[in-house]
1. Would you mind putting 110-121, 45-56 in packing order, based on average other-beta-carbon counts within 10 Å, highest first?
2. Distance in nm between label sites at residue 3 and residue 80, each 7 Å beyond Cα in the beta-carbon direction?
3. Could you pull out the pairs from 74/118; 69/110; 80/118; 43/69 whose alpha carbons sit more than 31 Å apart here?
Amino acid sequence: MSELQDMLRVQARLHRKQGANALGDLFENANGEIETLRTQLAKANEIISALSLETDNAITLQAERNQLKRDLAKANERVKELELPRKRNLELIKALFYAPSSPVTAKKAKEIEDWFIKFEQLRKEQE
């Protein structure tokens with residue numbers, strides 16, 4: 001019986017040793033997995049930070065674009081305001097010189113109109 005008990009003790013020690021080794025391996029594998037997950041988490045956080053920065057840049061660019069659109073609309077309105085008197089002047093010239101009671105001939109009226117148009121084109125080029 002003693003031999004049997006010795007064999008059982010040896011076998012029990014062997015199982016405990018194997019169990020301890022298996023448990024140690026399990027902890028080592030768990031630590032390895034934890035480190036891998038930490039690395040992946042760090043990379044994910046870096047990507048999130050980069051995306052956040054890009055999103056902030058995109059928002060800033062969109063705001064700048066909207067401001068430029070508003071500025072362009074104001075500039076277009078100003079151009080219309082500045083062109084309106086010139087159009088009126090051309091209409092006035094036509095009314096004065098092409099009127100039936102005008103002392104200027106039609107040919108001379110056309111010359112005056114052409115001169116005014118050229119004058120306006122030169123003024124636009126100067127601006």
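1. 110-121, 45-56
2. Label at residue 3, label at residue 80, 11.4 nm between them.
3. Among 74/118; 69/110; 80/118; 43/69, the Cα-Cα distance tops 31 Å for 69/110; 43/69.
Where a number appears in this text, it was derived from the coordinates with a stated rule and is not lab data. Remember, it's a predicted structure, so these values are computed and weren't measured experimentally. Here Cβ is always computed from backbone atoms with ideal geometry, including for glycine, and neighbour counts include all displayed protein chains.
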